[in-house]
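The values are calculated or read from the model by the stated rules, or taken from the named source; none is laboratory data. Only a predicted model underlies this, so the values are computations on that prediction, with no experimental measurement involved. Cβ placement follows ideal geometry from the backbone for every residue including glycine, while neighbour counts extend to all protein chains displayed. Heavy atoms of the whole protein, side chains included, go into the accessibility calculation; ligands, DNA and RNA do not. Shrake-Rupley method; radii C 1.70, N 1.55, O 1.52, S 1.80 Å.
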Amino acid sequence: MMDLQSIHALYDYNRWANSRVLDAVSKLNPEQFTRDLENSFRSVRETLVHILAAEWIWLERWNGTSPKGMLGAAELSDVETIRQRWDKVESDRREFIRKLTPERLEAVVNYANVRGQAFAYPLWQMLVHVVNHSTYHRGQLTTLLRQVGAKPVGTDLLAFYDSK
C-alpha cells in the first residue's frame, strides 16, 4: 500500500523527469528525432509518444473511461506538439491526484485494455505502475539519445531529491 504523500512525491518526480527528457529531446533535429533505431518503439519520437500515451490512457482509466486505442505518433509529430499534449495530461492528472483520499487509493479500478480484456487493480498499484513504466522508457530514451549523437540527461530519483 502507498500513502498519499508517497504518491504525490512519485508524481512530482515523474513530472520533473519527463520535463528534463523533453528539454533534452527538443535539441534534436528532425532526422534524429524520427530516425529508426530498431528499439521497442522505433524512434525517439515514438518512444516519447508511447510514454505520453500510456500516462494519458491510465488517467482516462482512473476516471472511468477505457479508450480503445493509444495516442499515435502521426498526430504528435514534433516535440512542441508532444509537450503541449503532455502539459494537458499533467494538469488533469495533478487535479486527479490532488483529490485523492486514502480510501480512494485502496479502491479497485476496473478497466478494459485496448484489446477489450478486463482487468482490475487497486488504484495505488496502478499509480505506482505508471511511474515505473515511464521510468523504464525514459531509460530507453537515454540510449536512443546516445545513438543519435545527443546528450541524455539524468533522471534518477535521487537526482530529483538532490534538485530540491
To the nearest 0.05, how large is the calculated FRET efficiency for N29 and E103 if R₀ is 41 Å and r is the Cβ-Cβ distance?
0.25
Of the convex hull enclosing the alpha-carbon atoms of the chain, the direction-averaged projected area in nm² is 9.6 nm²
Note to self: C-alpha centroids of region 12-38 and region 116-164 sit apart, in Å, by 12 Å
Over the chain, with the other protein chains present, what is the accessible area per residue in square angstrom, probe 1.4 angstrom?
53 Å²
What helices does the chain hold that run 24 Å or longer along their axis, going by alpha-carbon atoms, with a Kyte-Doolittle average of 0.5 or more, using DSSP H for the helix calls?
none
Leaving out ligands, DNA and RNA, and with a 1.4 Å probe, what % of the accessible surface on the chain is carbon or sulfur?
50 percent
Quick one: Karplus J couplings for region 104-115, per residue in order, coefficients 6.51, -1.76, 1.60, θ = phi - 60°, nearest Hz, x for Gly and Pro?
5, 4, 7, 5, 7, 10, 9, 7, 10, 6, 5, 8
